[in-house]
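Notes follow the structure.
FYI, it's all coordinate maths here, none of it is from the lab. Keep in mind the model is a prediction, meaning the values are calculated, not measured. Every residue, glycine among them, receives a Cβ derived from its backbone with ideal geometry; neighbour counts consider all protein chains shown.
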Amino acid sequence: MSRDNRPERPKRASSERPGAKRRDDRPERPVKTRSSERGGSKGRSDRSERSVKERSSKRVGSSREKEPQEGLAFGFHAVRTALEVNPQRVERLILSRELRDGRSRKLVSLAKQGNVPYQQVPRDALDRLAGGLNHQGMAARISEADLLNPDELMEGLPADPLLITLDEVSDPRNVGAILRTAAAVGAHGMFLPGHRSSGLSPAVRRVAQGGLELVPVARAGNLSSMLRTLKKEGITPVALDPAGGVPYWEADLTSGVILVAGSEEKGVRPGVLKECPVRVVIPISADIGSLNVSVAMGIVLAEVSRQRSVSSAAVATARLPESPGD
């Protein structure tokens with residue numbers, strides 16, 4: 001039989017079963033979504049997010065509720081200054097056991113020089129003492145000296161003193177920052193009125209970074225009355241008044257002055273302001289509106305330091321002996 005006359009082979013039967021749908025005709029399977037996109041998991045996800053937020057808020061709230069213990073200084077600069085300036089008031093130096101650096105050795109050396117006992121404690125013990133403050137692994141327990149009365153502060157003043165007072169400034173961070181700047185420019189004292197003003201809390205000491213050890217602080221009962229007394233002593237009250245006054249660099253700040261600043265919200269009260277014959281203003285952009293009281297006081301304190309440096313240089317130049325050739 002010739003090749004052309006061979007019977008055709010039957011075609012291979014299709015593998016598809018009768019009535020079966022082709023692959024292309026099959027409905028598409030739903031695409032699997034992430035658990036956060038599935039309706040059933042959304043509730044679980046929301047609940048887990050809420051629980052995380054609740055736990056976080058509880059942690060934050062609990063840390064805010066804690067307060068640092070009274071009579072303690074925290075941080076290297078505050079502790080070092082206390083040991084250097086008033087070691088007799090430091091009852092004990094407290095260090096974290098984990099500290100092995102040069103700063104901790106410096107503090108131990110200062111404590112030994114001042115016969116101050118020291119101890120090492122777990123870091124979480126310092127956390128509890130600090131109540132949320134950044135203690136840097138070091139603290140000092142300080143015997144709190146009573147605030148001076150105004151007469152005691154006035155007794156030790158030099159000629160042309162630089163003094164500071166704050167009117168209803170209650171934020172301890174502002175008081176601490178002003179004390180630090182005051183110490184940097186060599187201020188001779190601060191008066192803190194008892195009416196709605198911050199005391200000398202551990203937060204003030206921590207922010208002051210040693211300024212509280214260098215600037216004497218007295219408690220003034222009535223601020224207006226105290227300013228009248230200072231004027232009789234030849235000390236001029238100078239108010240920081242954003243509502244009006246001369247630009248701060250135009251005021252003569254080389255003689256005895258007491259700078260008076262109020263809170264950022266209210267400023268110096270009218271009754272106190274009328275006792276200030278000199279008022280200065282810090283020109284700022286209208287877009288800013290106002291300055292934090294510690295920033296404003298820092299600007300004026302820097303100007304006091306500048307004017308007095310120029311004045312001292314001029315006096316020293318005037319006193320130079322004339323050269324033989326003149």
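Take the alpha carbon gyration tensor of the stretch 72-142, find the square roots of its eigenvalues, order them as a ≥ b ≥ c, and report rounded if a/c is under 1.5; if not, report prolate when a/b exceeds b/c, else oblate. Cα axes put the stretch 72-142 in the prolate bin. The modelled label-to-label distance between ARG105 and ILE299, using points 7 Å beyond Cα along the C-beta direction, is 4.5 nm. Short to long, the 5 Å bins of the Cα pair-distance histogram for the stretch 160-229 hold 4, 19, 30, 26, 15, 6, 1 percent of all pairs. Taking a sphere under 12 Å around the Cβ of ALA243 and counting the other residues whose Cβ falls inside, with K and R at +1 and D and E at -1, yields a net charge of +1. Each Lys and Arg Cβ is given +1 and each Asp and Glu Cβ -1; about its Cα centre, the stretch 72-142 then shows a dipole of about 160 debye.
Does a label point 7 Å from the Cα of ARG173, set along Cα-to-beta-carbon, have any residues of the stretch 123-141 with amide nitrogen under 13 Å, and which are they? Backbone N within reach: 133-134. If you take the alpha carbon atoms of the stretch 225-274 and fit the smallest convex hull around them, that volume is 79 Å³ per residue.
Taking R0 as 35 Å, what FRET efficiency do you get between GLU233 and ASN292 from their Cβ-Cβ distance, rounded to the nearest 0.05? All intermediate terms of the calculation are to be shown ahead of the outcome.
Details: r = 30 Å, r/R0 = 0.87.
Step by step, r from the Cβ atoms, then E = 0.70.
The slack in the chain from SER311 to ALA184, taken as 0.36 nm per residue of separation less the alpha-carbon distance, amounts to 43.9 nm. Coordinate range of the alpha-carbon atoms in the stretch 126-168 per principal axis, descending: 44, 23, 19 Å. Under the criterion of Cα pairs below 8 Å and six or more residues apart, the relative contact order for the stretch 212-305 equals 33 percent.
Taking only the alpha-carbon atoms of the stretch 79-119, what semi-axes of the equivalent ellipsoid follow from 5 times the gyration tensor eigenvalues under a square root, in whole Å, largest first?
Working through the eigenvalues yields semi-axes of 17, 10, 8 Å.
In the stretch 150-317, the convex hull through the Cα atoms has an average projected area of 9.6 nm², a quarter of its surface area.
Our summary gives the stretch 67-125 a relative contact order of 38 percent, counting only alpha carbon pairs under 8 angstrom and 6 or more residues apart.
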